[in-house]
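Here's the structure, in structure tokens; my notes come after.
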Amino acid sequence: MTRVLDSALDPAIAARLKRDADGLVCAVAQQRGTGEVLMVAWMDDEALHRTLTTRRATYWSRSREEYWVKGESSGHAQAVHEVRLDCDGDALVVVVDQTGPACHTGTRTCFDTDVLLPPA
């Protein structure tokens with residue numbers, strides 16, 4: 001699947017986004033209610049549009065070069081409750097209810113393996 005270059009994303013939202021050289025914005029998936037950081041992925045305008053209109057987390061896979069609806073093949077879906085844009089317009093927080101593990105390794109979160117600085 002190729003990237004959609006002429007997205008139906010609301011132009012007012014699109015104007016606020018600061019994309020990287022590849023046209024992507026960092027998206028941090030966070031568990032609703034607990035604030036647990038589950039994973040980081042990337043969205044272009046179309047992935048954000050799909051996420052906002054379907055409430056199903058949709059990302060752009062840089063490795064597969066295709067749109068990816070979280071859980072579509074694995075069943076480990078993310079039901080989106082809220083999407084926030086940071087003050088600089090270069091990062092999103094996607095507040096979700098995660099079904100099953102969020103990480104492709106099978107763990108709950110992508111951030112539970114390597115603790116570089118444990119809590120004091």
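Structural remarks
- Among the residues listed as Ala47, Ala21, the single one being on the phi < 0 side of the Ramachandran plot, buried (at least 17 other Cβ atoms within 10 Å of the Cβ) and modelled with pLDDT of 95 or more: Ala47
- Residue list for segment 100-120, restricted to those being in contact with a strand residue (DSSP E or B) (Cβ under 8 Å, 6 or more places away or on another chain) and open to solvent by less than 50 Å² (accessible area, probe 1.4 Å): Ala102, Cys103, Thr109
- Among the residues of segment 55-65, the one identified as out of contact with any strand residue (DSSP E or B) (no Cβ under 8 Å at 6 or more places or on another chain) and over 14 Å from His104 (Cβ atoms) is Glu65.
- Test: Thr2 is assigned to a loop (DSSP other than H, G, I, E, B) and open to solvent by 60 Å² or more (accessible area, probe 1.4 Å): yes
- When segment 50-94 is filtered for residues that are assigned to a loop (DSSP other than H, G, I, E, B), of a type in the set (D, E, K, R) and surrounded by fewer than 18 Cβ atoms within 10 Å (Cβ to Cβ), the ones remaining, listed by number, are Arg55, Arg62, Arg64, Glu65, Glu72, Asp86, Asp88, Asp90.
- Given (1) over 18 Å from Gly33 (Cβ atoms); (2) in contact with a His (Cβ under 6 Å, 6 or more places away or on another chain), index of the condition Val95 fails: (1)
- Among the residues examined, Asp97 qualifies as touching a residue at least 60 places away in the same chain (Cβ under 8 Å), open to solvent by 40 Å² or more (accessible area, probe 1.4 Å) and among the charged types (D, E, K, R).
- Any hit, segment 42-51, residues being touching a helix residue (DSSP H, G or I) at 6+ places or on another chain (Cβ under 8 Å) and of a type in the set (A, V, I, L, M): yes
The values are calculated or read from the model by the stated rules, or taken from the named source; none is laboratory data. Predicted, not measured: the structure shown is a model, and the values here were computed from it. Methodologically, a virtual Cβ is constructed for each residue, glycine included, from the backbone with ideal geometry; neighbour enumeration extends over all protein chains shown. What goes into the accessible areas is simple: the full protein's heavy atoms, side chains included, and nothing from ligands, DNA or RNA. Shrake-Rupley method; radii C 1.70, N 1.55, O 1.52, S 1.80 Å.
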